[in-house]
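Participant: The following block contains the structure, expressed as structure tokens.
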Amino acid sequence: MSPNHESAADTHHAHSHGHDAGHGSFKGYMTGFILSVILTAIPFWLVMAGVLDSKLLTAVIVMGIGVVQIVVHMVYFLHMNPRSEGGWTMMALIFTLIIVGIALAGSLWVMHHLNQNMMPMTHEMMKNMP
Amino acid sequence: MSATQVQQTDEKPQFYLTEDHHPENSTMLGFWLYLMSDCLIFAVLFATHGVLGRNYAAGPSPADLFDLNIVAINTAMLLLSSITYGFAMLQMERNAKMETLVWLGITGVFGAIFLALELYEFYHLIHEGAGPTRSAFLSSFFTLVGTHGLHVTFGIIWLITLMVQVGRHGLIPENRRRLMCLSMFWHFLDVIWIGVFSFVYLLGVIG
């Protein structure tokens, strides 16, 4: 490596110290905390008080708010941003999310008719099973 | 001879990015990759629970078993421990050793309360005859929630270890790096818990 090259790398190294990821501020943590409290309270309230008549609608809202809360935690507590570590943390996250999506959706889809070919069984037969 | 070599290398096209960002400390990226692989473990356990979560074998259903009050308190404990760990990190930034230790201690106490409540719930379920062997639903439930609880247990052990380290050696760069890793681990467990209480408990009780 030529000396010229090294000095270029050095200046670059010094420059990259500027945007050190992973440090939050008091305001950031408090924002995240208050948002999480609200996003936790709503689904518990919906289910425990039985606010909505539709089970499906309640389930969709609970899962939707769960996803929003996960994003809130990622941003305010884990300090995720597209720039940290030169974008590699975000790349790893996107890759993981794709795999998780395939694993979850695939499992649920393939196993949806798991019990379809089972012998019909009454409640009493079931109870007397070994 | 060397002159011609230089000439040759200069003419070669470069297939790599010369101005690539080299993170000065790759520990954070490595630990993040560990967390992502951990995330895959939980994804598989969630998928298992998604498939088996309705197979009660004529046994008790989530609505019969789960006490949402305990789950709500548990969630609050984990959420509070997340914010107190954040405060510990802020004190670490300020180089305040004693305050950092205090906030870490509070985080540990919240984590311990969470664990105690979960163990109480498990004990209660097994005592009622709803142990992991009762039905496929309970097997997957105990595996998923138990794995999360095990992570919290090791997080607390790690937390105590770091408190001793910080107490002995102060906020040296090594300890700061370790505290950053545990911070990611701890917040990650909170993220997983969001999935657990939404998908396992609340959706289970809805039926």
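This table checks each residue for (1) at pLDDT 65 or above; (2) loosely packed, with under 15 Cβ neighbours inside 10 Å; (3) in contact with a helix residue (DSSP H, G or I) (Cβ under 6 Å, 6 or more places away or on another chain).
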{"site": "B:GLU19", "(1), (2), (3)": "no, yes, no"}
{"site": "B:MET36", "(1), (2), (3)": "yes, no, yes"}
{"site": "B:PHE46", "(1), (2), (3)": "yes, no, no"}
{"site": "B:HIS49", "(1), (2), (3)": "yes, no, yes"}
{"site": "B:GLY53", "(1), (2), (3)": "yes, no, yes"}
{"site": "B:GLY59", "(1), (2), (3)": "yes, no, no"}
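Participant: Is it true that some residue in segment B:122-135 is in contact (Cβ under 8 Å) with a residue 40 or more places away in the chain, assigned to a loop (DSSP other than H, G, I, E, B) and more than 28 Å from B:LEU65 (Cα to Cα)?
Facilitator: no
Participant: Taking the condition of being part of a helix (DSSP H, G or I) and more than 7 Å from chain B (Cβ to nearest Cβ), how many residues in segment A:75-90 meet it?
Facilitator: 5
Participant: For segment B:66-89, what are the residues that are in contact with a His (Cβ under 9 Å, 6 or more places away or on another chain) and surrounded by 19 or more Cβ atoms within 10 Å (Cβ to Cβ)?
Facilitator: Those that are in contact with a His (Cβ under 9 Å, 6 or more places away or on another chain) and surrounded by 19 or more Cβ atoms within 10 Å (Cβ to Cβ): B:SER82, B:TYR85, B:GLY86, B:MET89.
Participant: Hey, among A:VAL51, A:VAL75, A:VAL100, A:VAL62, which residue is of a type outside the set (Phe, Trp, Tyr) and touching a residue at least 40 places away in the same chain (Cβ under 8 Å)?
Facilitator: Only one candidate qualifies: A:VAL75.
Participant: Select, from B:THR143, B:THR147, B:THR161, the only residue that is in contact with a Phe, Trp or Tyr (Cβ under 8 Å, 6 or more places away or on another chain), away from chain A (no Cβ under 14 Å) and at pLDDT 95 or above.
Facilitator: Residue meeting the stated conditions: B:THR147.
Participant: Here's something else I'd like to know. Name the single residue that is farthest from the chain's Cα centre (by Cα) among those in segment A:57-74 being more than 30 Å from A:SER25 (Cα to Cα) and within 9 Å of another protein chain (Cβ to nearest Cβ).
Facilitator: Restricting to residues being more than 30 Å from A:SER25 (Cα to Cα) and within 9 Å of another protein chain (Cβ to nearest Cβ), the top hit is A:THR58.
Participant: Name the residue, out of B:ILE157, B:ILE113, that is free of Cβ contacts under 8 Å to residues at least 12 places away in the same chain, assigned to a helix (DSSP H, G or I), surrounded by fewer than 19 Cβ atoms within 10 Å (Cβ to Cβ) and at negative phi.
Facilitator: The conditions single out B:ILE157.
Participant: Considering only segment B:152-168, how many residues are among the polar types (S, T, N, Q), more than 13 Å from B:GLY111 (Cβ to Cβ) and in contact with a helix residue (DSSP H, G or I) (Cβ under 7 Å, 6 or more places away or on another chain)?
Facilitator: 1
The values are calculated or read from the model by the stated rules, or taken from the named source; none is laboratory data. As the structure is a computational prediction, the values presented were derived from the model and not from experiment. Don't worry about glycine lacking a Cβ; one is built from the backbone with ideal geometry, like all the others, and counts go over all protein chains shown.
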